[in-house]
Amino acid sequence: MDDIADTLRLLQESLRRFVEKEITPKAGPWEAQGFVPREVLREMGRLGFLGLRYAEEFGGGALDARATALLAEELGRSTFGGFAITVLVHTDMASPHLVNAGSPAQIRKYLPKIISGELISAVAVTEPDAGSDVKGIRTRARREGDSYVLKGSKMFITNGALADVYFVAAKTDPAAGSKGISMFIVDKGAPGFSVGRKLDKMGWRSSDTAELVFDDCRVPAENLLGEENRGFYAIMKNFQNERIAIAAMATGEAAKAIEITLDYVKTRKAFGAPLWDKQAIRQRLSMLSARVEAGRQLVRHAAAIDAEGRDCVKEVSMAKAYCAELLNDVVYDCLQFHGGAGYLKESAIERMYRDARVQPIGGGATEVMLEEVAKRL
């Protein structure tokens, strides 16, 4: 077996052990409190899970998108989507902006603490009127001497209240549309920056999601991330990484939902025999299992293309659209096969059903993904 395959196998085994021992049995209270405890994230940092794709000199694992896919899939198997997305935003949606566009000084300042879990990161692009349409953002940033002053708000920001450092998109040239967007590093506590409402969501309850407010928020000019007016391209580049993570997370959730349901239907009796004896149920779960495996292989194919440095937009868009919709098909049927027991709050399937609904929306709606595919057919 080649070195990378062996490394990935060992990574998957260690992630699965960690999730089964430290997350699934303990994460119930996190749903009520609305966030993942910091000590859990620091422990993940200590174990090397928070910097799998970053340079070894900063404490990372120097791996590639295939590691992202494994990480996301195993986190999805926790059955707690809020926990999984908390970690994945930090590792594969926010911090890549620093690594891809940051100056050597910025990377030295922030990356080691991001990898260790000492600092939690968030990315702030989405606004009330601008989601998948990034060029529609309204937050402005104007240069004043040796600072930039940010004015506007962000919405649906994962890790919004928990984070210590934010990578924020703002218009530095409002007349230029997508060519006038820049990215900034904003530290918690920056003058004029505040966390607004903590958002009460249908699912992903253990994920901290908030509104951010920039009321003449002043940040040093050195906190410009990359080149001025080049932020749109940075956002587009990182979307592929984000979508691989969400697609892989969906396959992990779907696979676990089927496992839970198999255990249930093999023991739950109806009309004198286990539900598993019903041909319709057996065959439906068999087809869902086949589709999950197809989704997993599609994600891994997309990740492998990305790891080779080739254009992967079509394959990633396919994977994100397919796996997010598939997850919803899986949990719908799994809840149905649980009957009334699946409708109870104490059921993992009930939670997974609620968590799944956002995945065809977040990170690029299914309809947007299909348009990306269509452009390349």
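Bear in mind that the values in this text are calculations on the coordinates, not laboratory data. From a predicted model like this one, the values you see are computed outputs, not experimental measurements. Note: ideal-geometry Cβ built from the backbone for every residue, glycine included; neighbour counts use all protein chains shown.
The alpha carbon convex hull volume per residue for the range 232-375 rounds to 105 Å³.
Counting only Cβ charges, +1 for Lys and Arg and -1 for Asp and Glu, the dipole size of the range 260-305 around its Cα centre is about 80 debye. Each Cα pair under 8 Å and six or more residues apart adds its sequence gap; the mean of these over the residue count of the chain is a relative contact order of 17 percent.
Give the Debye-formula value of log10 I(q)/I(0) at each listed q (0.11, 0.21 Å⁻¹), with one equal scatterer per alpha carbon of the range 122-229, two decimals each. Debye curve over Cα of the range 122-229, log10 I(q)/I(0) at q = 0.11, 0.21 Å⁻¹: -0.31, -1.07. Straight-line cross-link reach from residue 269 at under 27 Å between alpha-carbon atoms covers these lysines, not counting any fewer than eight positions away in the same chain: 256, 278, 345. For the pair residue 39 and residue 263, label points projected 7 Å from Cα toward Cβ lie 2.6 nm apart. Membrane-span-like helices in the chain, defined purely by DSSP H runs whose alpha carbon atoms cover 27 Å or more axially and whose average Kyte-Doolittle hydropathy reaches -0.5, are 231-267, 279-307, 313-338.
The order of 172, 261, going from fewest to most other C-beta atoms within 10 Å of their C-beta, is 172, 261.
Can you order the peptides 324-334, 223-233 by their average number of other Cβ atoms within 10 Å per residue, highest first? Don't jump to the answer; show the numbers that get you there.
Working: 324-334: 22.3, 223-233: 19.4.
So the order, starting with the most tightly packed, is 324-334, 223-233.
Counting only residues at least eight positions apart within a chain, or on another chain, the lysines with an alpha carbon under 24 Å from that of residue 375 are 135, 179, 237, 314, 320. Counting other C-beta atoms within 10 Å, and keeping those with at most 14, which DSSP coil chymotrypsin sites (Phe, Trp or Tyr not before Pro) do you find in the range 103-186? Passing both the DSSP loop test and the Cβ count: no residue. Which log10 I(q)/I(0) values, to two decimals, does the chain give at q = 0.09, 0.15 Å⁻¹ under the Debye formula with one point per Cα? Rounded to two decimals, the profile gives -0.50, -1.35. Annotation note: trypsin sites (Lys or Arg not before Pro) in the range 261-297 located in DSSP loop regions with a Cβ neighbour count of at most 15 within 10 Å are 268, 278.
Expressed in units of 2.2 N^0.38 Å, where N is the residue count, the Cα radius of gyration of the range 64-150 is 1.31. Ignoring aspartates and glutamates fewer than eight residues from residue 151 along the same chain, the ones with Cα atoms less than 12 angstrom from its Cα are 215, 216. Length available on full extension from residue 282 to residue 314: 0.36 nm per residue minus the Cα-Cα distance, which gives 8.2 nm. Farthest toward the positive end of the dipole of the chain, out of 71, 257, 128, is the Cα of 257, where the dipole comes from beta carbon charges about the Cα centre. Extension gain for residue 297 to residue 176 (0.36 nm times residue separation, less C-alpha to C-alpha distance): 39.5 nm.
Based on Cα contacts under 8 Å between residues 6+ apart, the range 3-120 shows a relative contact order of 31 percent.
In debye to the nearest 20, how big a dipole does the chain give about its Cα centre with +1 on each Lys and Arg Cβ and -1 on each Asp and Glu Cβ?
640
Multiplying the residue separation of residue 375 and residue 221 by 0.36 nm and removing their Cα-Cα distance gives an extension gain of 51.7 nm. GNM remark for the chain: springs join alpha carbons under 10 Å apart, and the peak mean-square fluctuation among 236, 249, 93 falls on 236.
Run the helix sum for the chain: -39,500 (n - 2.57) per DSSP H stretch of 4+ residues, divided by residue count, reported at 222 nm to the nearest 500 deg cm²/dmol.
That calculation yields -16000 deg cm²/dmol at 222 nm.
What is the log10 of I(q)/I(0) for the range 3-120, computed with the Debye formula using one identical point scatterer on each Cα and no solvent, at q = 0.17, 0.24 Å⁻¹? With no solvent term, the Cα-only Debye profile gives -0.81, -1.48.
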